[in-house]
Each structure stands twice: as structure tokens, then as C-alpha cells.
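Reviewing the structure listed below.
The values are calculated or read from the model by the stated rules, or taken from the named source; none is laboratory data. Because the structure is predicted, anything quoted here is derived from the model rather than measured. Cβ atoms come from the backbone with ideal geometry, glycine included; neighbour counts cover every protein chain shown.
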Amino acid sequence: MNVLQAEELIRELIERVAGEIGVIIYELHPKKEFTDEQIAMELGVEINEVRKALFALYELGLAEYRRKRDDETGWIEYYWKINYEKQNEVLKRELLKTKKKLEEKLQDETMTVYYICVNGCMKVTYEQAMEFDFTCPKCGAPLEYFDSSIAIEKVREEIRKIDEILANLK
Ligand SMILES: [Zn+2]
């Protein structure tokens with residue numbers, strides 16, 4: 001896998017889990033430990049937003065913190081560090097999760113016969129279609145056999161792509 005692809009995937013993942021602020025913090029590449037306050041000041045955003053993003057990164061395994069009591073104020077401060085070296089490990093874990101979901105979907109699509117309303121109201125199993133007498137209960141149009149071969153091929157293609165990325169992920 002080329003670096004660009006990895007960067008893009010990790011960016012997507014962070015955006016989904018930790019939001020835009022998570023992405024910005026991650027891409028700051030801070031050289032030293034930092035507090036949420038420092039980042040909030042630097043970015044000009046609410047400290048709570050920064051904390052939320054940092055804890056989301058922590059949940060992903062991409063950030064860690066240590067707590068330290070400030071000698072002057074007596075408050076507990078969080079000192080954060082981004083785990084850039086964990087990036088591939090985290091990516092791999094998430095890709096395997098996605099792959100598992102896709103495989104379940106593939107199995108479901110392969111094993112189950114579906115019928116759909118010609119107007120697109122619903123997708124039902126063969127058993128349900130029989131119950132509805134092959135007529136859409138919503139609009140009254142016929143329920144037709146759903147050819148899932150295109151959907152199946154799409155899922156297979158997605159799985160192939162993930163395998164390719166995983167193979168190149170060291
Ligand atoms: Zn319908």
C-alpha cells in the first residue's frame with residue numbers, strides 16, 4: 001500500500017470517530033506532549049470539543065495521556081501524546097472489522113432470495129413476498145425477484161480491495 005492510501009484511510013477513520021477536530025489534531029503532528037488547553041488555544045476551539053476528539057482518538061488507540069497535578073493550581077492536567085506508530089495496527093484492526101461485516105453481508109445475499117417492489121418501496125425475503133402475495137403492501141405494485149448478482153459482485157470487489165490493502169500493510 002502506498003503512503004497516500006494509508007493516510008487517506010486513517011483520515012476517514014478519524015473523521016468518522018473523532019470528527020473534523022480529531023483530524024486536525026492528528027495532522028498537527030505535535031512534537032511534544034500537549035494539554036487539551038494548549039490545543040484548544042492553538043486551534044481557537046472549545047476545550048470540550050478538543051477533549052471529546054482526544055478521547056475518541058484514545059478509544060481508537062491513536063492517543064494516550066498521563067495525568068499530572070498542577071503544583072500551582074492543584075488541578076489535574078491531562079498530558080496527551082498521539083500514537084503515530086500505532087497507525088497501521090489501528091488501520092488493520094478496523095479493516096478486518098469491515099471485512100467481517102462484508103463477509104456477513106455476502107453470506108446473507110448469497111443464501112437469501114430477495115424480492116423487491118418495482119417502485120423501490122421495500123426489499124423482502126421470498127417468505128415475506130409470499131405472505132404479501134407478491135404485491136407491495138405499501139403501493140400495490142408487484143414484488144419482483146431481486147437479482148443480487150451485481151450487489152454480490154460489488155461486495156466481493158470491496159473485500160478484494162481490503163485484502164489488497166491488508167497484504168501491503170506491515
Ligand atoms: Zn411498493
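What is the one condition in (1) surrounded by 11 or more Cβ atoms within 10 Å (Cβ to Cβ); (2) under 30 Å from LEU13 (Cβ atoms) that MET122 does not satisfy?
Going through (1) surrounded by 11 or more Cβ atoms within 10 Å (Cβ to Cβ); (2) under 30 Å from LEU13 (Cβ atoms) one by one, MET122 breaks only (2).
Test of understanding: among GLY19, GLY74, which residue is at positive phi, in a helix (DSSP H, G or I), surrounded by fewer than 17 Cβ atoms within 10 Å (Cβ to Cβ) and free of Cβ contacts under 8 Å to residues at least 40 places away in the same chain?
Selected residue: GLY19, the only one of GLY19, GLY74 that is at positive phi, in a helix (DSSP H, G or I), surrounded by fewer than 17 Cβ atoms within 10 Å (Cβ to Cβ) and free of Cβ contacts under 8 Å to residues at least 40 places away in the same chain.
Report the residue count in the stretch 48-78 for those that are modelled with pLDDT of 95 or more and either among the aliphatic types (A, V, I, L, M) or not assigned by TED's automatic domain parsing to the domain that holds GLU15 (or both).
Count: 8.
Within the stretch 128-166, count every residue that is more than 13 Å from the ligand (Cβ to nearest atom) and either outside the structural domain of GLU109 (by TED's automatic domain parsing) or touching a Leu at 6+ places or on another chain (Cβ under 8 Å) (or both).
Summing the residues that are more than 13 Å from the ligand (Cβ to nearest atom) and either outside the structural domain of GLU109 (by TED's automatic domain parsing) or touching a Leu at 6+ places or on another chain (Cβ under 8 Å) (or both) in the stretch 128-166 gives 8.
Could you tell me whether any residue of the stretch 110-120 is touching a residue at least 24 places away in the same chain (Cβ under 8 Å), away from the ligand (no atom under 16 Å from the Cβ), in the same structural domain as LYS161 (by TED's automatic domain parsing) and at negative phi?
The answer is yes, given that some residue of the stretch 110-120 is touching a residue at least 24 places away in the same chain (Cβ under 8 Å), away from the ligand (no atom under 16 Å from the Cβ), in the same structural domain as LYS161 (by TED's automatic domain parsing) and at negative phi.
Quick check on ASN48: is it more than 16 Å from the ligand (Cβ to nearest atom), closer than 30 Å to GLU8 by Cβ and more than 17 Å from the chain's Cα centre (by Cα)?
For ASN48, the condition - more than 16 Å from the ligand (Cβ to nearest atom), closer than 30 Å to GLU8 by Cβ and more than 17 Å from the chain's Cα centre (by Cα) - is met.
Can you find even one residue in the stretch 47-66 that is over 17 Å from ARG16 (Cα atoms) and part of a loop (DSSP other than H, G, I, E, B)?
Checked the stretch 47-66: no residue is over 17 Å from ARG16 (Cα atoms) and part of a loop (DSSP other than H, G, I, E, B).
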